[in-house]
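Written out below as structure tokens is the structure these notes cover.
Coordinate-derived values only; no laboratory data. Source: prediction; values computed, not measured. Glycine gets a Cβ as well: all are built from the backbone with ideal geometry, and neighbour counts include every protein chain shown.
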Amino acid sequence: MSTRLTLVLGDITRQDVDAVVNAANSSLLGGGGVDGAIHRRGGPDILAACRALRASHHGKGLPTGQAVATTAGLLPARHVIHTVGPRWSATEDRSELLASCYRESLKVAAGLDARTVAFPAISTGIYGWPLDDGARIAVETVRETASPTVEEVRFVVFDDRAHEAFARHLT
Ligand code: ADP
């Protein structure tokens with residue numbers, strides 16, 4: 001399946017897609033940015049599902065670069081895929097972990113039979129990753145990752161600067 005990459009300026013919690021990706025933290029118990037918005041708008045079922053994961057498979061939390069799915073609660077999407085981006089480091093190259101977030105989320109999406117997936121610009125908010133580099137890694141990784149089910153990957157960005165960064169790498 002060749003995946004179409006699209007870009008929209010908007011709120012990830014409003015996307016009518018099979019799966020939205022959450023820029024979560026390893027606790028899976030909520031945070032700011034995208035994570036806060038998803039839990040606020042998605043309602044308590046998402047947090048309940050995350051707590052259940054902490055009580056079973058992910059007792060120590062979700063490691064950086066990995067991904068796991070829950071219900072999307074009240075969101076228009078059917079599933080939320082939680083992935084934990086790396087914090088930006090000026091002294092250590094963590095690019096492979098950021099690429100892994102995109103790859104592992106797409107793998108989880110295929111397991112859910114998802115055809116449409118919306119990604120935020122993982123790690124480029126609270127985790128401090130430079131926007132242009134975060135956009136480059138996002139676009140390159142998704143382009144290199146063939147998926148058996150995903151027809152559209154939609155990058156959903158929150159401001160003009162992020163839109164410009166993604167647009168540069170998508171053309
Ligand atoms: P991280 O902790 O991985 O850096 P954040 O949620 O802080 O994640 O930010 C990731 C990116 O998502 C940032 O570029 C931020 O501007 C953007 N963002 C924040 N809220 C939303 C939202 N509701 N929809 C889409 N993008 C958002």
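Along the axis of the charge dipole computed for region 4-170 (Cβ charges of +1 for Lys and Arg, -1 for Asp and Glu, origin at the Cα centre), the listed residues L28, A162, T116 are led at the positive end by L28. Annotation: extensible slack from A52 through A146 equals 30.8 nm (criterion: 0.36 nm per residue apart, minus Cα-Cα distance). Among the GluC sites (Glu not before Pro) in region 76-162, those placed in a DSSP loop whose Cβ has at most 14 other Cβ atoms within 10 Å are E92, E151.
Were the residues from D133 through D160 laid out at 0.36 nm apart, the gain over their Cα-Cα distance would be 8.1 nm. Loop-resident trypsin sites (Lys or Arg not before Pro) (DSSP state other than H, G, I, E or B) in region 20-62 with no more than 11 further Cβ atoms inside 10 Å of their Cβ: K60.
The overall shape of region 4-170 is rounded: from the C-alpha gyration tensor, with semi-axes ordered a ≥ b ≥ c, the ratio a/c is less than 1.5. Extension gain for S2-E92 works out to 29.1 nm (0.36 nm per residue, less the C-alpha to C-alpha distance).
Between D35, D93, D18, the Gaussian network model of the chain with springs among Cα atoms under 10 angstrom shows the greatest mean-square fluctuation at D93. Taking other C-beta atoms within 10 Å as the exposure proxy, L97, L5 rank L5, L97 from fewest upward. The alpha carbon centroids of region 61-98 and region 14-28 are separated by 8 Å.
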